[in-house]
Amino acid sequence: MGRSCLPRWRVGRLMAGLQLILGLVVITVSLSCLYRFHSAGYFLHNEDICRTIYTIKQVNNNEGFDLKALHDRVDDVLEKMDNLYEKLEKTVKEMEKSKEGSKREIKKFLEEEVMKPFYHAHIGLRQIRLPNPQGIRNSTEKEDPLINKFLVEEIRKYITPKENHVGKMNMFGTERVYNTIGHACVLMKTELEKYMDYDVGAYCDDDWSLAQKLMVNGCDPLPRRRCLTRASMTYQKPYPINESLWKLPDDRNVRWGNYQCRSFACLSSKNPKRGYTKCTGCFEMEKEIGKWITNSTLLADFKIDDVLRVKPGEIRIGLDVGVGTGTFAARMRENNVTIVTTALNLGAPFNEMIALRGLIPLYISLNQRLPFFDNTMDMIHTAGLMDGWIDLLLMDFVLYDWDRVLRPGGFLWIDRFFCKKKDLDDYMYMFLQFRYKKHKWAISPKSKDEVYLSALLEKPPRAI
């Protein structure tokens, strides 16, 4: 009885008024859109006008502007508006049949099902970018043709060039800053728009697995986001460095929602449902603690002490490119060498594990150029990542990038690279083409058809 109800005739009048208002909104938005197109000259088939708005080359070739993307975007917005109108009309008829309706229900309906969708449709139409014949400011630079590829507002804001606030050259010597995304992002439009669909300033979804999927498929680098990253609700203070290197971290410091396991103990190699296949056993500290320090019967196993003895005191910083939990970096830390470890979370929390051990993880895929300057690293160590699966051309680009960041006299440590015997000559050539000095070189059998290759190579001076 305490519920406020409206007479049926008043609900009918209200719905009729609502339909009239919505009709006016649709007409206004449509006229606004048509005016924008008319202002740009799209409906004027006069050659002189076309020459005024665009150059002849632009009219013929649409250079620098994707008309198809614009057409698809307008169709998408109009389709959404049509669907919304049909839904509204159906709901209004159902409400008219109802014997009662509260003001609160009507208000909620207006806010969630009418005002919010129409707002987004309005914003979508306003964001359609027409090519600017004068370019950006007074330059001849054209607007980024990727703008109209995406519907989500945050992506469009991110990839739009950012003009300097003071209107002058910045410290980098440019008039604007370009935020970059990987070219394959266009091929993964649906996934990227899902990743970038969030409320600014709110908490991000726990969707790092979606981000990693985008990265490994070439949508790398990813755009930055303006939402707050979630952390474990029971996060504990990490162990001190004198304990953390060789001790499993606290399970409470990891968000386990996107993994098959829910604890570090579950990641044991004895568990067939651990969720990962690479680096089996690398979450078992009792096995990891003996790596690179104990003698092995395999010729391809080099000890850290033997490698550092080649150039005592010269190896200070380096990069470990592989799949692991940071054990190589931990061993090198004990020798006063700082190592950055690349890692992807391939079914297990590799990045979290490395960081909780007190080491430095670098969340990067093999697709991306190394974020280091030329001739800066004393050592690059690789194990367990680039093996016989890798395409030779891709490997060539990767090795040239490693050569770029290695300093003259720096070490390239190839650690137990394996491939089929018949492919060994091809891969050996890839490593030897740079004419590095051989300090160590060993080939050992892995199986009947496969072999291990390990090498310690020194980059030449190249004083040119």
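The values are calculated or read from the model by the stated rules, or taken from the named source; none is laboratory data. Every value quoted in this text rests on a predicted model; they were computed, and no experiment measured them. Every residue, glycine as well, gets a Cβ built from its backbone with ideal geometry; the counts of neighbours run over all protein chains shown. Ligands, DNA and RNA are excluded from the accessible area calculation, which covers all protein heavy atoms including side chains. Shrake-Rupley method; radii C 1.70, N 1.55, O 1.52, S 1.80 Å.
I'd like the accessible area for VAL77: 1.4 Å probe, protein heavy atoms, all chains in place, Å² to the nearest 10.
10 Å²
So how do ARG73, ARG369 rank on accessible area, 1.4 Å probe, biggest first, that is with the largest at the start? Display every interim value, and only then the final one.
Working: ARG73 5, ARG369 150 Å².
Final ranking, largest accessible area leading: ARG369, ARG73.
Just order 314-326, 275-287 by mean Cβ neighbour count inside 10 Å, highest at the front, would you? Walk me through the intermediate numbers first.
Values: 314-326: 21.2, 275-287: 16.2.
With the highest mean Cβ count within 10 Å placed first, the list reads 314-326, 275-287.
In what sequence, largest accessible area first, do HIS165, HIS381 appear using a 1.4 Å probe?
On the way: HIS165 190, HIS381 0 Å².
Descending order: HIS165, HIS381.
Under 14 Å from the Cβ of ASN295, count the other residues' Cβ atoms, weight Lys and Arg +1, Asp and Glu -1, and hand me the total.
-1
Set the bar at 28 Å for Cα to Cα. Now go through LYS247/LYS421; LYS90/LYS213; LYS162/LYS189; LYS189/LYS270; LYS247/LYS273 and name every pair that lies beyond it.
Values: LYS247/LYS421 38 Å; LYS90/LYS213 39 Å; LYS162/LYS189 22 Å; LYS189/LYS270 40 Å; LYS247/LYS273 23 Å.
Table pairs above 28 Å Cα-Cα are LYS247/LYS421; LYS90/LYS213; LYS189/LYS270.
Give me the one-decimal nm value for the distance between modelled label points at LYS168 and ILE443, 7 Å along each residue's Cα-to-Cβ direction.
Taking the simple label geometry, LYS168 and ILE443 are separated by 6.3 nm.
Using 0.36 nm times the number of residues separating THR28 and LYS278, minus their current alpha carbon distance, what extension gain do you get? Numbers along the way, then the final one.
On the way: separation 250, 0.36 × 250 = 90.00 nm, distance 5.86 nm.
Result for the pair: 84.1 nm of gain on full extension.
Give me a comma-separated list of calculated 3J(HN,Hα) values for segment 174-187, in order, Karplus coefficients 6.51, -1.76, 1.60 applied at θ = phi - 60°, integers in Hz, x for any Gly or Pro.
Along segment 174-187, the couplings run 10, 8, 8, 10, 9, 8, 9, 9, x, 5, 6, 4, 5, 7 Hz.
Pull up all non-local amide H partners of ILE364: gap of 5 or more, or a different chain, and H-to-H distance under 5 Å with H placed in the peptide plane.
ALA343
Could you tell me whether segment 319-464 comes out rounded, prolate or oblate from its Cα gyration tensor? Rule is a ≥ b ≥ c as square roots of the eigenvalues, rounded for a/c under 1.5, then prolate if a/b exceeds b/c, otherwise oblate.
Details: a/c = 1.58, a/b = 1.16, b/c = 1.36.
Here segment 319-464 falls in the oblate category.
Shape verdict for segment 163-230, please, from the Cα gyration tensor: rounded (a/c under 1.5), prolate (a/b greater than b/c) or oblate. Write out the running numbers ahead of the final one.
Details: a/c = 2.87, a/b = 1.59, b/c = 1.81.
Cα axes put segment 163-230 in the oblate bin.
Summing Lys, Arg as +1 and Asp, Glu as -1, what charge do residues with Cβ under 14 Å from the Cβ of GLY281 carry, GLY281 excluded? Before the final figure, lay out the partial values.
Numbers: positive: LYS270, ARG274, LYS278, LYS287, LYS291; negative: GLU284, GLU286, GLU288.
Within the 14 Å Cβ shell, the charges total +2.
So, for segment 241-459, what is the accessible surface per residue at a probe of 1.4 Å, expressed in square angstrom?
Values: 10290 Å² over 219 residues.
Per-residue accessible area for segment 241-459 comes out at 47 Å².
For a quick check: with amide H placed at 1.01 Å from N, whose amide H comes under 5 Å from TYR452's, ignoring anything fewer than 5 positions away on the same chain?
Result for TYR452 returns SER444, LYS446.
Ordering THR160, THR190 by accessible area with a probe of 1.4 Å, largest first, what comes out? Please list the in-between numbers first.
Details: THR160 30, THR190 105 Å².
The ranking, largest first, comes out as THR190, THR160.
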